[in-house]
Amino acid sequence: MSVVTGVLATAVIVLVLCNIYQFLVQRSALRIAEILYVMAGNVRAKAQEVRRDGKDVEIIEAHLFDMATSARSILRALGRSEDSLGPDPALTVGTNGNRMSSDSLLRLADNIFFAVSEENPGAPWDDIQMQALERFRSKEPNMEPEAARKIVTVVAHRFQKETNGKKPLAMAHS
C-alpha cells in the first residue's frame, strides 16, 4: 500500500506544480498584454500630438492602433471582460496577415488627407486630393493604383461632407 500511496502522492504533487506553473504563465501573459496595451495608448496619444504639430506620422498611428488591437485581443483571450479593458470601443479584434485591414487603410488615408489639407491651406481641392493620393501610394506601394485612388476618393468625399461641402477655415484663406 505504501508504493501506491507514494505514486499517488507524486502524481498529486506533479499536478499541483503543473497547475501553479499554468497559473503563473497565464498571469505573466496577462501582465505583458496589459503593459503593451497601456504603452500603445500612450504612444498613440504622443503620435497624435506630433501630428497636430504638423509632422508626418500617419503610418505610426496605424501601426500603433494595430498594436493596441493585438494587446486587446490577447487580454480578451486570457479572460478579461470587455468592461475591464477601458472605454475604447474602436479597437476590434481582427488580423489580415501582413496586410493592413481595410479599417487601417481608411484610417491611414484619412490621416494623410488631413495632413495634406493642413499643410496646403490655399491649395485647390483637386490638388489636395492628388497630393494625398501620391503620399498614400508611397506609404502603400504594393496596393493597386485604382484601389488606392478609390480609398483616397472615399476619404476626400467624407472630409468634404463633414465640412458641409466647404473648405475648412484654414483652407478658405486662399
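The values are calculated or read from the model by the stated rules, or taken from the named source; none is laboratory data. All figures in this text were calculated on a predicted structure; none of them were measured in a lab. We place every Cβ from the backbone using ideal geometry, glycine too, and count neighbours over all the protein chains shown.
For residues in the range 14-54 being within 21 Å of the chain's Cα centre (by Cα) and of a type in the set (Val, Ile, Thr), which is farthest from Leu75 (Cα to Cα)?
Step by step, filter the range 14-54, then rank; the result is Val50.
Counting only residues that are farther than 15 Å from Arg80 by Cα and either of a type outside the set (S, T, N, Q) or touching a residue at least 12 places away in the same chain (Cβ under 8 Å) (or both), how many does the range 1-37 have?
Going through the range 1-37 one residue at a time, the tally reaches 19.
Per-residue answers, yes or no, for (1) at positive phi; (2) touching a strand residue (DSSP E or B) at 6+ places or on another chain (Cβ under 6 Å); (3) modelled with pLDDT of 80 or more; (4) acidic (Asp, Glu):
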residue	(1), (2), (3), (4)
Arg72	no, no, no, no
Ala90	no, no, no, no
Asp103	no, no, no, yes
Asp110	no, no, yes, yes
Met130	no, no, yes, no
Glu144	no, no, yes, yes
Ala170	no, no, no, no
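Pull out all pairs, ordered by first then second residue, where Cβ-Cβ is under 6 Å, the residues are six or more apart or on different chains, the first lies in the range 125-150 and is within 11 Å of Leu108 (Cβ to Cβ), and the second is of a type outside the set (A, V, I, L, M) and modelled with pLDDT of 85 or more.
So the pair list comes out as Ala148/Phe136; Ala148/Arg137.
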